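Novice: Pasting in a structure now, in structure tokens, and then I'll have a few things to ask.
Each value in this text was obtained by applying a stated rule to the coordinates, not by laboratory testing. As the structure is a prediction and not an experimental result, all values here were calculated from the model. For neighbour counting, all protein chains shown are included, and Cβ atoms are generated from backbone atoms with ideal geometry for every residue, glycine included.
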Amino acid sequence: MTKPPSPVLVWFRDDLRTADNPALCAAAERGVPIITVFVLDEATPGLRRLGGASRWWLHHSLAGLRAGLAKHGVPLLLRRGPAADVLAALARETGAASVHWNRRYSPGEIAADTATKAALTQAGVAVTSHAGNLLFEPWTIRTGAGGPFRVFTPFWKACLAAGWQPPLRENPELRGGETSVTSDALGDWGLLPRSPDWAAGFPAHWTPGEQGARARLEEFITDGLSGYASLRDRPDRPHTSRLSAHLRFGEVSARTVAAAICQARDTGAANERDADKFLSELGWREFSHHLLYHFPTLPHDNLQPKFVAFAWREDPKGLEAWQKGLTGYPIVDAGMRELWRTGTMHNRVRMVVASFLIKDLLVDWRQGEAWFWDTLVDADHANNAASWQWVAGSGADAAPFFRIFNPVLQGEKHDPDGAYVRTHVPELARLPAKYIHRPWEAPSSTLFEAGIELGATYPHRIVDHAMARDRALEAFKATRG
């Protein structure tokens, strides 16, 4: 009797899709049964536990992936524990002779993958890793001197010169494997909030999973890409892609997104300026991962050493007011409330609220990074840390510290009619546009007619921006010595 072929394991991580998935395609090419697994590893040292909003997204993304794979007869097993132990045990249970996965790039993930590969190799299981989560492997784009880039523009020029590979075929021919092996129940993982269910409003804004990602990409190209270059900074307009969480969990690959945008540009379906601007935003995602790979302490250490001595303030009341969207600055409060209610925030507003925390309140950027990690559905090791350091002025190619966003002027420029503020700060909805971003200047009669009592229905400003700006510049001057 012929012995049945040994199955191959595919370990899903930040690549929860079937299309353009190099690890899954490589396994399919073996022509043997495929078993897939997702490991919730909260035990291996160095791995950062997902924040609450990301855990909500993960639950629904895994449910979608399991349903998609089931159509091909391929099981998705769920296991919890240290990945090295879980995969070694699963290889024994299934008789799998090989494991495939797509690479990750944060220092903790690299260390965990190295340990997992060693454990599997020792057990006689072959391991193959693939490039599946970025346009470029972080070590492949180098300066002329052979080092890592620290400035975005030359980095992206080097990327464009190198060119990226097209996505793999969309539907690899999959052969299902053993289905009698036990799996955890997704609901038992407790990824969803219960009491209270603070994510109750999320489904109105998001459809996690591969199908939702592809639908969102098509919708963006059809309805949002036109005008992207000039309108992407307007939080009151629908000209952002809203693809970041789908990319963070790998429900659609960066190559698939880039290919779709390039096709729209090259066929005339999209304006070249709009398409190229969006591609450069994908480039910032690449740059962030490039920085994290080459500077692995990026999430917790200032990239520029001079900021080590910066005199951050302890301001728990200010931090709490910022977190709750009760600072008295409407554009800041609108952004923070959008974040809490939807799990996201418009990118321009992210910069404004980050600048307010860092420079108006002089609160350490790491406290803001931690809040975003917990509340963003698209919270990502590289993007989150690199972006916070960019605003703080402590990172690579960063905005200088003395570039301090004025929250009033930012609101008036990017939300001129106050539509964004009215949506997320409804107590100000009846205030005329002239005062929507500076309610403290409104006459008492105007406030009364709008149903607003400052200090009661809407807070007074927790800090005067002009004073805070001077204070921040003095603090920075002292750091420079």
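Novice: Rounded to the nearest 0.05, what FRET efficiency do CYS262 and GLU93 give with R0 = 56 Å and r taken as the Cβ-Cβ distance? Could you check?
Specialist: For CYS262 and GLU93, the calculated efficiency is 0.80.
Novice: Around GLY318, with a cut-off of 14 angstrom between Cβ atoms, what is the net charge of the other residues, counting Lys and Arg +1 and Asp and Glu -1?
Specialist: Its environment carries a net charge of -1.
Novice: Here's a follow-up. At what distance in nm do the modelled label points of GLU219 and LYS434 sit from each other, each positioned 7 Å from its Cα along Cα→Cβ?
Specialist: 3.8 nm
Novice: Using a Förster radius of 45 Å, what is the FRET efficiency between ALA70 and LEU231 based on their Cβ-Cβ separation? Nearest 0.05, please.
Specialist: So the FRET efficiency works out to roughly 0.65.
Novice: Here is a further query. If packing is taken as the average number of other Cβ atoms within 10 Å across a peptide's residues, how do 404-415, 282-293 rank, most packed first?
Specialist: Output ranking for 404-415, 282-293: 282-293, 404-415.
Novice: Say a paramagnetic label sat at a point 7 Å from the Cα of ALA63, along Cα to Cβ; which residues of segment 196-231 have their backbone N under 20 Å from it?
Specialist: Label zone hits: 196-216.
Novice: Still on this structure, please answer the following. Can you tell me how much longer the chain between GLN211 and GLU474 gets when fully stretched, taken as 0.36 nm per residue apart minus their C-alpha distance, in nm with one decimal?
Specialist: So the extension gain works out to 89.6 nm.
Novice: Could I ask something else about it? Volume per residue, Å³, of the convex hull around the alpha-carbon atoms of segment 381-428?
Specialist: It comes to 105 Å³ per residue, whole-number rounded.
Novice: Moving to a separate point now. Return one quarter of the surface area of the convex hull spanned by the alpha-carbon atoms of the chain, equal to its mean projected area, in nm².
Specialist: If you wrap the Cα atoms of the chain in a convex hull and average its projections, you get 24.9 nm².
Novice: Along the Cα→Cβ direction, 7 angstrom out, place labels at SER183 and LYS413. What is the inter-label distance in nm?
Specialist: Here the answer is 5.0 nm between the modelled labels.
Novice: Also, quick follow-up: Suppose we take every Cα in segment 305-475 and form the convex hull; what volume per residue is that in Å³?
Specialist: Taking the convex hull of the Cα positions in segment 305-475, it is 105 Å³ per residue.
Novice: Could you sort 105-114, 82-91, 187-196 so that the peptide with the highest average Cβ count within 10 Å comes first and the rest follow in order?
Specialist: Ranking, from highest mean packing down: 82-91, 105-114, 187-196.
Novice: Take the Cα coordinates of segment 8-132, assign each an equal point scatterer, and use the Debye formula without solvent to give log10 I(q)/I(0) at q = 0.11, 0.19 Å⁻¹.
Specialist: Debye intensities relative to I(0), on a log10 scale: -0.34, -1.11.
Novice: Now, a different point. Spelling out what I want: for every residue of segment 46-55, take phi, set θ = phi - 60°, compute 6.51 cos²θ - 1.76 cosθ + 1.60 (Karplus), and round to whole Hz; glycine and proline get x.
Specialist: Those phi angles translate into x, 8, 8, 5, 4, x, x, 5, 5, 5 Hz.
Novice: For segment 217-275, what is the largest minus smallest coordinate of the Cα atoms on each principal axis, given in angstrom and ordered from greatest to least?
Specialist: That works out to 29, 28, 15 Å along the principal axes.
Novice: If you take the beta carbon distance between THR114 and THR423 as r and set R0 to 51 Å, what does 1/(1 + (r/R0)^6) give as a FRET efficiency, to the nearest 0.05?
Specialist: Computed FRET efficiency for THR114 and THR423 comes out at 0.65.
Novice: Based on the alpha-carbon gyration tensor of segment 49-117 and its eigenvalue square roots a ≥ b ≥ c, which shape applies: rounded if a/c is under 1.5, prolate if not and a/b is larger than b/c, or oblate?
Specialist: oblate
Novice: Would you mind checking LYS157/LYS277; LYS306/LYS477; LYS324/LYS413 for any pair whose Cα atoms are more than 20 angstrom apart?
Specialist: LYS324/LYS413
Novice: State, to one decimal in nm, how far the label point of GLU272 lies from the label point of ASP301, with both points 7 Å from Cα in the Cβ direction.
Specialist: Distance between label points: 4.4 nm.
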